[in-house]
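Presented below is the structure to which this report refers.
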């Protein structure tokens, strides 16, 4: 790097994700479908924020689009976050937890869904940004 030249940081991508927890203490994860980046890996449902969109509003929208469920903002509780640098961008992912929603979670975007006990989440291959979120879920919900 030449003197006076700052290292270029990749753009930051802000995303929201949700650990939906059912009455049995299982967490919903979704497999990224063929044709998407990181296809075949499992992740927490959610997605990118639209310009000037609040994180909770984005998450409510994404959960309805992806799963067909209705979540009220007061039912979302911030849990933790992940910060991971990919080759072309830096991902900042906010993880919320939710135990109450309306409707039955159904795959609406070609993804597979699985309800998994927190201690078994590591059995599912996840993107590098999602895997570090698992310990917080185990601490909160148990194995």
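Where a number appears in this text, it was derived from the coordinates with a stated rule and is not lab data. From a predicted model like this one, the values you see are computed outputs, not experimental measurements. We place every Cβ from the backbone using ideal geometry, glycine too, and count neighbours over all the protein chains shown.
Between residue 99 and residue 64, what is 0.36 nm times their sequence separation minus the Cα-Cα distance? Round to one decimal in nm.
Extra length available between residue 99 and residue 64 comes to 11.1 nm.
Please list 31-40, 77-86 highest first by mean number of surrounding beta-carbon atoms within 10 Å per residue.
For the peptides 31-40, 77-86, the packing ranking is 77-86, 31-40.
Subtracting the Cα-Cα distance from 0.36 nm times the residue separation, let me have the gained length for residue 34 to residue 122 in nm, one decimal. Please report the intermediate quantities before stating the final value.
Numbers: separation 88, 0.36 × 88 = 31.68 nm, distance 2.12 nm.
Difference between extended and current length: 29.6 nm.
So for the pair residue 57, residue 140, with labels modelled 7 Å out along Cα→Cβ, what separation do we get in nm?
Result for the modelled spin labels: 2.3 nm.
Please state the shape class of segment 61-113: rounded when a/c is under 1.5, otherwise prolate if a/b exceeds b/c and oblate if not, all from the C-alpha gyration tensor.
On the way: a/c = 2.99, a/b = 1.42, b/c = 2.10.
Cα axes put segment 61-113 in the oblate bin.
How much of the calculated P(r) for segment 20-141 lies past 21 Å, in percent of all Cα pairs? List each step's numbers first, then the result.
Working: 2630 of 7381 pairs.
Roughly 36 percent, once rounded to a whole number.
Assuming 0.36 nm per residue, please report the length gained on full extension of the stretch residue 92 to residue 9 beyond their Cα-Cα distance.
On the way: separation 83, 0.36 × 83 = 29.88 nm, distance 1.37 nm.
That works out to 28.5 nm of additional length.
Just grab the label-to-label distance for residue 72 and residue 50, each label 7 Å out from Cα along the Cβ direction, in nm (one decimal).
Inter-label distance under the simple model: 2.3 nm.
So how far, in whole Å, is the C-alpha centre of segment 127-143 from the one of segment 46-93?
16
Given the rule -39500 (n - 2.57) for each run of at least 4 DSSP H residues, summed and divided by the residues of the chain, what is its mean residue ellipticity at 222 nm, to the nearest 500 deg cm²/dmol? If you can, show how the numbers build up before the last one.
Values: 2 runs with 21 residues, N = 143.
Theoretical 222 nm ellipticity from helices: -4500 deg cm²/dmol.
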